[in-house]
1. Residues to consider are Leu102, Leu130; find the one that is more than 18 Å from Gly13 (Cβ to Cβ) and modelled with pLDDT under 90.
2. State whether one or more residues within the range 73-85 are at pLDDT 90 or above, aliphatic (A, V, I, L, M), in a loop (DSSP other than H, G, I, E, B) and surrounded by 13 or more Cβ atoms within 10 Å (Cβ to Cβ).
3. Restricting the first residue to the range 168-188 and requiring it to be touching a residue at least 40 places away in the same chain (Cβ under 8 Å), which pairs with a second residue that is of a type in the set (Phe, Trp, Tyr) and buried (at least 17 other Cβ atoms within 10 Å of the Cβ) meet a Cβ separation below 8 Å and a spacing of at least six or different chains?
4. Residues that are surrounded by 14 or more Cβ atoms within 10 Å (Cβ to Cβ) and either within 30 Å of Val88 (Cβ to Cβ) or at pLDDT 90 or above (or both): does the range 143-155 have at least one?
5. Considering each residue of the range 42-94, count those that are among the acidic types (Asp, Glu) and in contact with a His (Cβ under 9 Å, 6 or more places away or on another chain), and give that number.
6. Across the range 26-55, what is the number of residues that are under 19 Å from Leu193 (Cα atoms), of a type in the set (A, V, I, L, M) and out of contact with any helix residue (DSSP H, G or I) (no Cβ under 6 Å at 6 or more places or on another chain)?
7. All but one of (1) of a type outside the set (A, V, I, L, M, F, W, C); (2) assigned to a loop (DSSP other than H, G, I, E, B); (3) closer than 17 Å to Val101 by Cα hold for Thr45; which doesn't?
Amino acid sequence: MIMNVLIVSIVGGLLCLDRVFIQTLISRPIVAAPVVGAILGDPYTGLIAGAFIELLWIDRIPIGAYIPPNDTVAAILVAACAIESGRVLGQLPQGLIAMAVLIFVPFAYLGQQMDIWIIRGNEKSANDALQKLMDGLPPGIARKHLFAALKTWLLSAGLILIAIPIGIGVMTWGYPRLSPQIIHGLELVYGLLPLIGTAVALNTIHLRGAIPIFCAAFLSATVIIHYIRSY
């Protein structure tokens, strides 16, 4: 498990870099979470977790100075902790995935504050790079870019590295001790999440066309099929 946590933290930090530097959309939850799931041997759970988180914030677009919640961090944590907790407990019920979503959704807002802090710090680096250019020192500009990328990766990877063991500990200790009523409630939450995501996706149809609706329909159908197979 320790090696898995380290690998996920390293890869997760690299995926988070896409939000600032690379911007090829590999940081989207629908991509990042299945990647983490594949690393941990359960891409299906990663896809479900990624689809849940993708739909929750699909209407939050980074326009102008607005910094959206860091859904990449949230998706990675939900996928990793659900899979590893299920491995420890010997099963991965729907309620455990819902529990992971409820625990780690706030981390998207924590990641948002981290992104704001990074961007504000990069403003100073940008001014220093401009001064290096005026002084005729191009190598200094390259070092500023590399330092900014390294800082973003370290902070993202560090947040993931700290949060995963804590999340696994809380979930593996807490879930077996929940009453049947609470577990049933978590299973209902698992079924309601696609509906919430569909409502958010409907709100974005004028912004991104029909793609969010197809994503929501896919997730809803997957959850329904999973329920049918369970019973």
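1. Values: Leu102 fails: modelled with pLDDT under 90.
That would be Leu130, the only listed residue that is more than 18 Å from Gly13 (Cβ to Cβ) and modelled with pLDDT under 90.
2. In the first step, residues of the range 73-85 are kept if they are at pLDDT 90 or above; the result is 73-85.
From the residues that got through so far, the ones that are aliphatic (A, V, I, L, M) too are 73-80, 82-83.
In the following step, the residues that additionally are in a loop (DSSP other than H, G, I, E, B) were identified as none.
No, the range 73-85 has no match at all.
3. Hits for this filter: Ile183/Tyr175.
4. Yes, the conditions are met somewhere in the range 143-155.
5. So the first thing to find is which residues in the range 42-94 are among the acidic types (Asp, Glu), and the list is 42, 54, 59, 71, 84.
Checking the rest, the ones that are also in contact with a His (Cβ under 9 Å, 6 or more places away or on another chain) come to none.
Counting residues in the range 42-94 that are among the acidic types (Asp, Glu) and in contact with a His (Cβ under 9 Å, 6 or more places away or on another chain) gives 0.
6. Final tally of qualifying residues: 2.
7. With respect to (1) of a type outside the set (A, V, I, L, M, F, W, C); (2) assigned to a loop (DSSP other than H, G, I, E, B); (3) closer than 17 Å to Val101 by Cα, Thr45 is out only on (2).
To keep it simple, each residue is scored yes or no on (1) surrounded by 18 or more Cβ atoms within 10 Å (Cβ to Cβ); (2) at pLDDT below 85; (3) over 28 Å from Val189 (Cβ atoms); (4) of a type in the set (D, E, K, R).
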position	(1), (2), (3), (4)
Leu6	no, no, yes, no
Leu17	yes, no, yes, no
Ile26	no, no, yes, no
Ala33	yes, no, no, no
Pro43	yes, no, no, no
Gly46	yes, no, no, no
Leu55	yes, yes, no, no
Ala65	no, yes, yes, no
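The values are calculated or read from the model by the stated rules, or taken from the named source; none is laboratory data. Since the model is a prediction, treat every value here as computed from it, not as a measurement. Using ideal geometry, Cβ is built from the backbone for each residue, glycine included, and neighbour counts are taken over all protein chains shown.
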